[in-house]
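Here the structure comes first, spelled out in structure tokens, and everything after it is commentary.
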Amino acid sequence: MAIENFSQMIELAKNKGPRRVAVAAAHDPEVLLSFEEARRAGLEISGYLVGDAPAIKEIARQEGISLADFEIIHEPETSKAARIVVLLAREGKADIVIKGQLKTAELLSVALNKEIGLRDKTLMTHVGIFEIPGMHKLIYISDSGVVPYPDVYQKLEIIRNAVEVAHRFGIEMPRVAILAATEAVHPKIPASIDALALAKMAEQGWVEGAIVDGPMALDTAISEYSAKVKGIKSPVAGQADILIVPNVEAGNIMAKGILYFARARMAGHVVGAKVPILINSRADEAETRFLSLAMAIYLSTESASQSR
């Protein structure tokens with residue numbers, strides 16, 4: 001059965017057992033508060049807080065947060081903190097990597113390093129899941145955080161990674177809409193050409209376990225009414241589960257628009273690595289970070305936990 005909301009996701013994450021996190025630049029109040037929210041929800045976490053140790057302890061004191069289950073590693077320099085948490089995950093000492101008070105690029109540059117990084121698949125991508133008021137299901141969006149301007153082959157991997165997450169969330173045959181400005185293919189709109197190619201590639205078996213179509217405008221992808229008015233006949237139109245955006249700019253704007261205008265809730269992390277990597281915006285509040293953590297716990301494997 002498909003997971004239709006975050007409450008179901010959290011309940012399933014409770015059954016995943018204890019997980020260890022490694023936080024880079026952990027002197028971040030919202031990150032530490034998200035751990036308290038996780039504990040209250042019944043999620044078992046422990047691990048490493050790498051960052052400015054006095055600042056971490058002061059935040060915990062002010063907010064009344066217990067750090068009993070965490071080892072604090074003093075490293076105020078963010079680039080070095082990023083390296084430490086990646087190595088902890090690479091060595092099997094952490095199941096989940098979390099970004100604190102540092103830039104996303106600073107953490108991902110280490111995670112993508114060929115010698116010490118965490119790459120597990122061809123491409124690491126970000127998958128965001130949105131619980132939107134008025135919608136009866138979760139919506140998946142990719143890639144809004146890792147690959148700036150993906151080519152058609154990278155978009156294929158973005159689709160595959162998102163489909164795998166949807167499968168893990170119980171959607172047997174997710175409907176994937178490859179977004180562009182309209183359903184028309186135009187040589188001056190590269191996203192439409194990529195979408196047409198990807199839809200044909202999926203038809204030929206390049207994507208397994210999903211129904212893929214594009215190019216498709218956003219309204220057509222999620223609104224049966226819009227699809228009907230436009231006369232668009234597609235098994236994806238009006239019923240999309242996964243939205244593939246043309247580039248990171250479009251994805252970032254869409255994600256933040258949904259959060260701030262629609263008052264939606266979001267969970268998301270980087271997939272395609274040896275462990276989930278949480279790269280929430282530094283402006284994200286504790287709830288978003290908590291939901292992303294619950295998603296990561298639900299999707300994480302037990303390899304690191306078993307190695308201890």
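Where a number appears in this text, it was derived from the coordinates with a stated rule and is not lab data. On a predicted model such as this, the values are computed, not experimentally measured, just so you know. No Cβ is skipped: glycine too gets one built from the backbone with ideal geometry, and neighbour counts run over all protein chains shown.
Rounded, prolate or oblate: which one fits segment 126-271, using the alpha carbon gyration tensor with axes a ≥ b ≥ c (rounded when a/c is under 1.5, else prolate when a/b beats b/c, else oblate)?
Judged from the Cα gyration tensor, segment 126-271 comes out rounded (a/c under 1.5).
Test of the criteria: in segment 105-148, which trypsin sites (Lys or Arg not before Pro) are in a DSSP loop and have at most 10 other Cβ atoms within 10 angstrom of their Cβ?
Answer in residue order: Lys114.
So which GluC sites (Glu not before Pro) in segment 157-233 are both in a DSSP loop and have at most 11 other Cβ atoms within 10 Å of their Cβ?
Glu172, Glu208
How much net charge surrounds Val163 when only the other residues with a Cβ under 15 Å from the Cβ of Val163 are counted, with Lys and Arg +1 and Asp and Glu -1?
So the surrounding residues net to -3.
Exceeding 28 Å between C-alpha atoms, which entries from my cross-link table qualify? They are Lys16/Lys200; Lys14/Lys155; Lys137/Lys233; Lys14/Lys93; Lys103/Lys274; Lys57/Lys256.
Violating the 28 Å Cα-Cα cut-off are Lys16/Lys200; Lys14/Lys155; Lys57/Lys256.
Under 8 Å for C-alpha pairs, at least 6 residues apart: give me the relative contact order for the chain, rounded to a whole percent.
Relative contact order, the chain: 24 percent.
Apply the a/c threshold of 1.5 to the C-alpha gyration tensor of segment 28-177 and tell me whether it is rounded, prolate or oblate.
It comes out oblate by the Cα gyration axes.
Looking at the chain as a GNM with Cα springs under 10 Å, which of Ile242, Ile253, Ile98 has the largest mean-square fluctuation?
Largest GNM mean-square fluctuation: Ile253.
Compute the relative contact order of segment 126-271 as a whole-number percentage, counting only Cα pairs closer than 8 Å that sit 6 or more residues apart in sequence.
That works out to 36 percent.
Restricting things to alpha carbons, find the Rg to Rh ratio for the chain using the Kirkwood radius for Rh.
Result: Rg/Rh = 0.99.
How large is the helix-only mean residue ellipticity at 222 nm for the chain, computed as the sum of -39500 (n - 2.57) over DSSP H runs with n ≥ 4, divided by its residue count, in deg cm²/dmol to the nearest 500?
-12500 deg cm²/dmol
Connecting C-alpha atoms closer than 10 Å in a GNM of the chain, tell me which of His186, His126, His167 has the biggest fluctuation.
Comparing His186, His126, His167 in the GNM, the peak value goes to His186.
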